[in-house]
Every structure is written in structure tokens, then in C-alpha cells.
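See below for the structure under consideration.
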Amino acid sequence: MIRPILAISLCALLCACAGEPAPQTIPLPSQPPAGEPRGFIGMSASGLLNAFGSPTFVRKENGSAIWRYDEKDCRAFFFLYAKGASQVVRHVETIPRGTDIAADPTCLASLHHQPVS
């Protein structure tokens, strides 16, 4: 008795699923251009603080960190990874992006903080 009920239940379930539309896929954004802006790769966290001040947002995960700096017309993302006991910049991206690299030099220049002497 249980088998016919099970078979009917499975058929009903399959029929119900067959009428549902396939989930829509959303394409990933295009990959940023290759290359890094000059002068930032290998910069220490303290050097980054000296150049740009305190970040607007920090996310830490598994020994790495993302520091985000915001300005009216741009955002910069610095990806820091462990190097010995400290962290150094390994990648930089901005919104808007550069034309031939992932970071726009004009955006980075607008965020640059001059340290107080």
C-alpha cells in the first residue's frame, strides 16, 4: 500500500516542479583591467595610514584586510595581506576604475591625505 502512495506523491511533486520557470542568472561584472597603480604595492599599513588617514571602512578576514576610503566622486579599496608580522598592500581598486588598470590615479590623488607635521 505504501509504494503506490509514494509513487503518486513523487509524480505529483515532479509535475509541480516541471511548471516552474528556470531561475534567472545574473552575469558577473567584468573583471578589472590588469596592472597596479605605482607606489602602492608593498606599502605597509602604517604607510597607508600616513598617506590617506583612517579608512572609512575596514574588513578583516583570515589575516587579510580590505581598507576602503570614500570621497564624493570616488572610492578606493586597498587589499592588504600578511608579510611577516605586518600587513602590506597587494592590490588596489577604485570606483570609477582606471582606463588601463584597476585603479584610477585621479581618484587616488583626490583621496590622498597630507600628514600634519
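The values are calculated or read from the model by the stated rules, or taken from the named source; none is laboratory data. The shown structure was predicted, so the numbers you read here are calculated from the model rather than taken from an experiment. So basically every Cβ, Gly included, is an ideal-geometry build from the backbone, and we count neighbours across all protein chains shown.
Annotations
- Restricting segment 49-60 to residues that are farther than 13 Å from V89 by Cβ and free of Cβ contacts under 8 Å to residues at least 40 places away in the same chain leaves a set whose member that is farthest from the chain's Cα centre (by Cα) is S54.
- Of everything in segment 66-117 that is among the acidic types (D, E) and outside any strand (DSSP E or B), the residue that is surrounded by the most Cβ atoms within 10 Å (Cβ to Cβ) is D104.
- In a residue-by-residue description of segment 72-85, the property of being of a type in the set (K, R) and within 15 Å of G35 (Cβ to Cβ) applies to no position.
- Verdict on G63 being without any contact (Cβ under 8 Å) to a residue 12 or more places away in the chain and surrounded by fewer than 16 Cβ atoms within 10 Å (Cβ to Cβ): no
- Look at (1) surrounded by fewer than 15 Cβ atoms within 10 Å (Cβ to Cβ); (2) in a loop (DSSP other than H, G, I, E, B); (3) out of contact with any helix residue (DSSP H, G or I) (no Cβ under 9 Å at 6 or more places or on another chain) and you find that V58 fails only one, number (2).
- Single residue of segment 1-48 satisfying the filter (of a type in the set (S, T, N, Q) and more than 30 Å from R90 (Cβ to Cβ)) that is modelled with the lowest pLDDT: S9
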